[in-house]
Amino acid sequence: MRKEVKAPTSESSELSAKAPRKPKKEKAEKFYNNEKKSLLGHGIYGRSGVKAPASAYIWFSIQMSQVMKTQFPELKGNEVMKAIGSKWTTLTDAEKQPYVEMAKQDKIRADNEL
């Protein structure tokens, strides 16, 4: 049993017409804070041109990804990052300490550049 399909009429096409798009300027003004001249939600480093400091995990993942790529070249990027994440969770605080120090130094660098 088939349903009958009606041909569109001028009334139904008027109802289904999309609303006109907003100009890009209006969209940008929605998120733009005129007082600070920066986009909202970008934090302290967002629009200043200063690279944000990396966390201890980021320093660890940078170092380990190079090691993992040489040891296991057949692994895909997401598989490498899963292995790095599980390795990070098994590290003790003493093993994480060098990466925490790197993160502290990077935080100092970023604050000095502001």
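If only residues of the stretch 39-69 that are touching a strand residue (DSSP E or B) at 6+ places or on another chain (Cβ under 9 Å) and surrounded by fewer than 13 Cβ atoms within 10 Å (Cβ to Cβ) are counted, the one that is modelled with the lowest pLDDT is Leu39. Among residues of the stretch 85-104 that are farther than 9 Å from Phe60 by Cα, those with a beta-carbon under 7 Å from a residue that is not in a helix (DSSP H, G or I) at least six positions away or on a different chain give the pairs Ala103/Pro53; Ala103/Ala54; Ala103/Ser55.
The values are calculated or read from the model by the stated rules, or taken from the named source; none is laboratory data. Only a predicted model underlies this, so the values are computations on that prediction, with no experimental measurement involved. Positions of Cβ are generated from backbone atoms using ideal geometry, with glycine treated the same way; all protein chains shown enter the neighbour counts.
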